Each structure stands twice: as structure tokens, then as C-alpha cells.
Amino acid sequence: MPDVNWEEAFCGEGNSCYRIGTDSHGNSYITISGEEDHYLTDTREALRQMILDIKAGKADHLL
């Protein structure tokens, strides 16, 4: 497993808690809190763009 610097968990309503992390190689990670051994990974830029798109409402149709 890579050496990931995990942020504190972000919890929405109910029990949906997620953690975001980064490593020293410029990769980003997202996982369900408590499941840090199972994660999605991509570049920091890709994570940044995903967050900006979510904030802009581009994923609202998924709600």
C-alpha cells in the first residue's frame, strides 16, 4: 500500500463518511472512512477537477 497522507473524514448526512488523501508522487486517493485499504486513485489534478465539477453542480443529476 502506498504511503498516503489521509485527511480527516468528511461525513454527509447519515453514515456516508469519505476520506481524501495524497502521496508524495502527486497522486490523490478517495475512500470510505474505515476502508482505507480499498481506494480509488488518480492524479491530484483529476481530483481537483472532480471537486470543482461537483461544486459547479455537474453531478447533481446523480442525487
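The values are calculated or read from the model by the stated rules, or taken from the named source; none is laboratory data. As the structure is a prediction and not an experimental result, all values here were calculated from the model. Positions of Cβ are backbone-derived with ideal geometry, glycine not excepted, and every protein chain shown enters the neighbour counts.
Identify the residue in region 18-49 that is among the charged types (D, E, K, R) and under 14 Å from residue 5 (Cα atoms) and, among all such residues, is surrounded by the fewest Cβ atoms within 10 Å (Cβ to Cβ).
Filtering first and then ranking leaves 37.
Residue-wise test of (1) modelled with pLDDT of 90 or more; (2) assigned to a strand (DSSP E or B); (3) charged (D, E, K, R).
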{"site": "15", "(1), (2), (3)": "no, no, no"}
{"site": "25", "(1), (2), (3)": "yes, no, no"}
{"site": "28", "(1), (2), (3)": "yes, yes, no"}
{"site": "31", "(1), (2), (3)": "yes, yes, no"}
{"site": "35", "(1), (2), (3)": "yes, no, yes"}
{"site": "41", "(1), (2), (3)": "yes, yes, no"}
{"site": "47", "(1), (2), (3)": "no, no, no"}
{"site": "54", "(1), (2), (3)": "yes, no, no"}
